[in-house]
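The values are calculated or read from the model by the stated rules, or taken from the named source; none is laboratory data. Everything quoted here is computed from the prediction, not taken from an experiment. Note: ideal-geometry Cβ built from the backbone for every residue, glycine included; neighbour counts use all protein chains shown.
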Amino acid sequence: MSRTDARRHAFVLIFQFPYYQPMDAKTLALLKAHYYDYLDEAVREPDEVPLAKRPTGRDAEYTDRVIWGTLENEARLDGVIGNFLKDWDVNRLNRVDLALLRLAIYEMLCEPDVPFGVAVNEAVELAKQFGGDDSPSFINGVLGNVAREIAKNDE
């Protein structure tokens with residue numbers, strides 16, 4: 001497994017936050033357990049691309065830290081996102097884009113070992129896989145602006 005796989009697992013779980021309200025620690029723990037059980041038990045067709053297996057070791061720790069951190073910082077992350085949307089509201093974003101922005105901005109702000117470029121590139125790749133036609137360029141634009149602002153403030 002890789003950090004990319006761990007990040008994909010985190011994205012899948014963060015994507016589900018809006019569908020389980022209120023999202024709290026108990027709900028997230030149940031959601032995570034259900035998702036991992038699905039990964040362990042899913043029956044797939046022989047030619048189907050398998051989902052990654054349940055994260056283990058450092059990847060599991062990273063996935064947990066990111067999903068819990070995103071939940072705990074959701075209002076802060078949405079505030080950052082809202083600052084970089086032009087004539088648009090966070091609540092109007094499609095759920096894939098919102099989850100990707102939350103994930104990447106959390107990494108930029110709270111995971112010092114993740115370079116900004118990696119957070120942006122990984123989010124863009126996930127947007128290509130899961131988002132709409134405009135998602136990759138939208139994600140890249142917003143996150144590029146966020147990264148520049150954070151870097152400027154750190155100087």
Task: Number of positions in the stretch 82-106 that are assigned to a helix (DSSP H, G or I) and either more than 19 Å from residue 117 (Cβ to Cβ) or acidic (Asp, Glu) (or both) - done: 10
Task: Output for the stretch 52-64, where each listed residue is surrounded by 15 or more Cβ atoms within 10 Å (Cβ to Cβ) and either in contact with a Leu (Cβ under 8 Å, 6 or more places away or on another chain) or in contact (Cβ under 8 Å) with a residue 40 or more places away in the chain (or both) - done: 52, 54, 55, 59, 60, 62, 63
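Is there a residue in the stretch 136-145 that is under 12 Å from the mean Cα position of the chain (by Cα), in a helix (DSSP H, G or I) and within 18 Å of residue 12 (Cβ to Cβ)?
Residues of the stretch 136-145 that are under 12 Å from the mean Cα position of the chain (by Cα), as a first pass: 139.
Still in the list and also in a helix (DSSP H, G or I): 139.
Filter once more, so that each one left must be within 18 Å of residue 12 (Cβ to Cβ): 139.
The answer is yes, given that some residue of the stretch 136-145 is under 12 Å from the mean Cα position of the chain (by Cα), in a helix (DSSP H, G or I) and within 18 Å of residue 12 (Cβ to Cβ).
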Open item on the list: Can you tell me how many residues within the stretch 93-113 are crowded, with 19+ Cβ neighbours inside 10 Å, more than 14 Å from residue 9 (Cα to Cα), of a type in the set (A, V, I, L, M) and modelled with pLDDT of 95 or more?
Closed with: 4
TODO: Return the only residue of 70, 27 being of a type in the set (Ser, Thr, Tyr), under 25 Å from residue 140 (Cα atoms) and either assigned to a helix (DSSP H, G or I) or at pLDDT 95 or above (or both).
DONE: 70
- [ ] Those residues that are basic (Lys, Arg) and within 15 Å of the chain's Cα centre (by Cα), I need them from the stretch 71-125; list them, please.
- [x] 76, 95, 102
TODO: Please find, within the stretch 126-148, the residue that is surrounded by the fewest Cβ atoms within 10 Å (Cβ to Cβ) out of those that are in contact (Cβ under 8 Å) with a residue 24 or more places away in the chain and not small (Gly, Ala, Ser).
DONE: 145
TODO: For residues that are within 16 Å of residue 61 (Cα to Cα), hydrophobic (A, V, I, L, M, F, W, C) and either without any contact (Cβ under 8 Å) to a residue 12 or more places away in the chain or loosely packed, with under 15 Cβ neighbours inside 10 Å (or both), tally how many sit in the stretch 1-37.
DONE: 2
